[in-house]
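Reviewing the structure listed below.
The values are calculated or read from the model by the stated rules, or taken from the named source; none is laboratory data. Here the structure is a predicted model, which means the values were calculated and not measured. Cβ atoms come from the backbone with ideal geometry, glycine included; neighbour counts cover every protein chain shown. Ligands, DNA and RNA are excluded from the accessible area calculation, which covers all protein heavy atoms including side chains. Shrake-Rupley method; radii C 1.70, N 1.55, O 1.52, S 1.80 Å.
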Amino acid sequence: MPKLTIDGIQVEVPANTTILQAAESVGVEIPRFCYHDRLSIAGNCRMCLVDVEKSPKPVASCAMPVNEGMVVHTKSDRANKARGGVMEFLLINHPLDCPICDQGGECDLQDQAMAYGFDRGRFAENKRAVKDKYMGPLVATYMTRCIHCTRCVRFATEVAGVPELGALGRGEDMEITTYLEGALSSELSGNVVDLCPVGALTSKPYAFSARPWELRKTESIDVMDAVGTNIRVDARGREVMRVLPRIHEDVNEEWLADKSRHACDGLAYQRLDRPYVRRNGKLAAVTWDEAFDAIAVKLRGAVGSRIAAIAGDLMDAESMMALKDLMTGLGSQNTDCRQDGAAVDPKTRASYLFNSTIAGIEQADVILIVGSDVRREAPVLNARIRKRSLRSGLTVAVIGADTQLTYKTENLGASADILAKIADGSHPFAEKLKNAKKPMIIVGMAALARADGGAILSAARQVADSCGLVKDGWNGFNVLHTAAGRVGGLDVGFAPGEGGKDTRGILDAAGKGELDVVFLLGADEIDTAKLGRAFVVYQGHHGDRGAHRADVILPGAAYTEKDGTYVNTEGRVQEAYRAVFPPGDAREDWTIFRALSAVLGKTLPYDNLKQLRARMVKANPVFASADKITAAPWKSFGTSGAVVATPFDYPVKNYYMTDPISRASRTMAQCTEEFVLGTKQKTGTHG
């Protein structure tokens with residue numbers, strides 16, 4: 001490994017390391033605009049110039065590999081003068097409109113102009129003006145500010161896999177644009193706003209709403225999919241203003257999906273802020289005591305077998321633990337957190353985890369995707385697969401309809417029985433899996449939520465065994481969930497107990513009149529028409545499908561309004577924190593069940609969050625290890641039976657509206673109009 005000296009500090013770095021990377025390894029910061037450590041090197045801006053001894057001119061540190069014995073000065077007069085010259089050129093055409101720019105206060109150009117700028121300009125010529133481009137409902141453009149760093153172009157091409165951005169023209173006529181001046185059709189498009197070092201690309205929904213120093217920043221976890229993306233919630237007063245990604249190398253790196261970023265405006269609309277009881281066919285606002293009394297009247301003398309509960313996709317583990325304990329106290333085993341009826345084995349953790357971990361995708365050499373539209377079910381995870389495919393000879397095969405994934409795939413067919421053929425070795429792709437060093441299978445909800453889901457799960461496990469997907473130090477069997485609360489619910493045991501009914505059984509029994517009371521904890525994705533004449537208690541935060549059917553409504557808290565634990569699809573336990581308070585009389589969900597249990601005479605044995613989390617650890621020790629992966633033992637699972645030879649029906653029909661929050665979002669409604677309904681102009685790359 002070459003050794004060099006940077007500002008008098010000797011450092012030894014791997015070969016092919018650039019000067020900029022070597023400097024960062026010893027804590028020396030070099031300014032830059034175009035360089036980004038997750039994108040290819042462009043060398044456009046020249047802001048990272050450094051002084052290298054024996055070099056006739058300053059060197060662009062982002063693109064220059066280190067050499068043995070190299071002596072680098074990052075703060076010499078020549079380096080500073082060179083950067084000052086670059087800054088002066090960058091500001092020739094910049095409009096200098098910081099007071100009205102949304103990037104103000106968190107702008108790289110502002111920060112570096114303070115260090116390397118001059119107090120006056122020497123150019124009297126007119127500034128260049130560039131027409132703003134249309135990039136869809138999420139990204140606002142002010143292209144006169146653009147400094148042509150091409151970060152957005154490289155992101156769209158390399159990470160998002162949607163090569164719709166590029167540069168047209170040369171010199172001062174160069175412009176960054178979508179080639180046909182249409183919307184940027186990527187589920188990750190909002191990340192170009194984070195990447196832009198100036199105010200050329202800003203968030204359209206957030207435009208002119210707030211300044212960064214006005215906002216209270218809270219670290220949290222995203223619940224719009226099951227990836228468990230680490231986020232930061234920025235709030236002003238009681239309003240969530242925006243959601244930004246946090247860096248977590250093993251989960252989301254530093255990316256965030258568009259729905260997770262922009263659906264937050266849905267938190268302000270269609271909210272449930274007080275209890276309701278249905279009287280004479282109409283919902284009437286009541287007090288908490290009146291709502292609890294109405295429930296108590298229905299439960300008085302009720303047999304446990306005639307009571308059931310279904311938990312929704314956005315629920316935290318604490319809420320489901322409290323409801324599970326309440327149902328147990330009432331003598332009911334009819335509980336389930338799988339609204340779609342996914343046929344995973346609640347007692348075998350390996351059957352419902354992404355066992356190889358999200359970061360483990362970067363080690364895989366063959367991936368078989370079964371019944372999953374990864375791009376729309378988990379855009380950030382899909383970007384990780386694309387990253388692996390670009391850096392190696394990754395083979396990706398798909399069983400299911402072609403869904404325009406952002407990397408090259410081999411479609412094995414749409415019929416589900418192809419998986420059974422791979423399992424018994426009669427399909428040629430089985431040999432590719434057997435010959436791979438680290439093969440992987442990803443099973444989606446389109447496969448497991450079918451009537452033959454148990455047989456498909458069994459066939460997938462047979463593939464894992466027969467093709468060597470599970471070996472020392474590697475478990476390539478993966479389930480990709482679409483619900484943020486699913487794994488946490490299964491981990492706390494929110495599944496049918498002995499003799500209990502699952503979601504399908506609960507709906508069938510309710511339709512036949514065999515259930516008296518059904519609790520819906522944020523469960524809005526079920527067919528509420530099948531609940532028959534059962535007395536329905538809905539607890540949630542939005543007036544969505546479940547609330548419309550309810551006989552009693554208990555207003556709960558959204559994910560930004562409570563401290564909660566979420567377990568992502570790989571089994572990583574993560575904690576979210578309250579950013580704002582719930583509206584009106586709404587309360588944190590577990591506290592509602594604690595109060596209700598006292599009214600029912602079944603008082604839950606915890607009075608605060610610490611005690612409740614101790615109860616969760618007792619129920620499942622995985623909750624004792626935050627932000628860690630606990631490997632699940634490999635056991636048998638799945639049910640015997642034939643796999644039906646019918647195509648998969650992907651659960652995400654409209655990526656932008658999949659839950660009560662996104663359905664209430666005006667921004668997501670605009671995205672639906674743009675990308676799903678196709679009523680606005682689009683680029684020529686997607687029909």
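Round to a whole number: what % of the accessible area of segment 20-175 belongs to carbon and sulfur, probe 1.4 Å? Of the solvent-accessible surface of segment 20-175, carbon and sulfur hold 54 percent. Report the Cα centroid-to-centroid distance between segment 16-59 and segment 327-385 in angstrom, as an integer. Centre-to-centre (Cα) distance: 41 Å. Qualifying trypsin sites (Lys or Arg not before Pro) in segment 92-201, where qualification requires a DSSP coil assignment and no more than 11 other C-beta atoms within 10 Å, comprise 120, 122, 131, 170. Residues whose amide H falls under 5 Å from that of residue 413, counting only those 5 or more places apart or on a different chain, are 400, with hydrogens built in the peptide plane.
Distance from the C-alpha centroid of segment 533-555 to that of segment 455-524: 23 Å, rounded to the whole angstrom. Can you list the aspartates and glutamates whose alpha carbon sits under 18 Å from that of residue 282, skipping same-chain ones fewer than 8 residues off? Partners found: 273, 290, 293, 544, 551.
Any idea of the accessible area per residue across segment 184-263, 1.4 Å probe, to the nearest Å²?
Roughly 29 Å² per residue, with all protein chains present.
Helical runs (DSSP H, four residues minimum) scored at -39500 (n - 2.57) apiece and divided by the length of the chain put the mean residue ellipticity at 222 nm at -6500 deg cm²/dmol. A simple rule links phi to the HN-Hα coupling: the Karplus curve 6.51 cos²θ - 1.76 cosθ + 1.60 with θ = phi - 60°, which for segment 630-639 gives 9, 4, 8, x, 7, 10, 6, 7, x, 10 Hz, with x for Gly and Pro. Using a probe of 1.4 angstrom and keeping all protein chains present, the accessible surface of segment 417-499 works out to 31 square angstrom per residue. One decimal place: the segment residue 527-residue 614 gains 27.8 nm when fully extended, by the rule 0.36 nm per residue minus the C-alpha distance.
Of the GluC sites (Glu not before Pro) in segment 1-69, the ones in a loop by DSSP (not H, G, I, E or B) with at most 15 other beta carbons within 10 Å are 29, 53, 68. Couplings 3J(HN,Hα) of segment 294-306, computed from phi: 5, 5, 4, 4, 6, 8, 5, x, 6, 7, x, 5, 9 Hz, in residue order, whole Hz [Karplus 6.51 cos²θ - 1.76 cosθ + 1.60, θ = phi - 60°; x for Gly and Pro].
For segment 98-193, the list of GluC sites (Glu not before Pro) that fall in a loop by DSSP and count at most 11 other C-beta atoms within 10 angstrom reads 125.
Counting only protein heavy atoms and a 1.4 Å probe, tell me what percentage of segment 552-687's accessible area is made up of carbon and sulfur. In segment 552-687, the share of accessible area belonging to carbon and sulfur is 53 percent. Taking each residue as 0.36 nm, the span from residue 630 to residue 12 lengthens on full extension beyond its C-alpha to C-alpha distance by 218.9 nm. The residues packed around residue 324, meaning those with a beta-carbon under 12 Å from its beta-carbon, carry a net charge of -3 if Lys and Arg are +1 and Asp and Glu are -1. Full extension of the chain between residue 57 and residue 98 yields a length gain of 11.5 nm, computed as 0.36 nm times the residue separation minus the alpha carbon distance. Is the shape of segment 46-155 rounded, prolate or oblate, going by the alpha carbon gyration tensor and its root eigenvalues a ≥ b ≥ c, with a/c under 1.5 for rounded and a/b larger than b/c for prolate? Prolate shape, in that a/c is at least 1.5 and a/b is the bigger ratio. Keeping the other protein chains in place, figure out the carbon and sulfur percent of the accessible area of segment 335-389, with a 1.4 Å probe. Here it works out to 42 percent.
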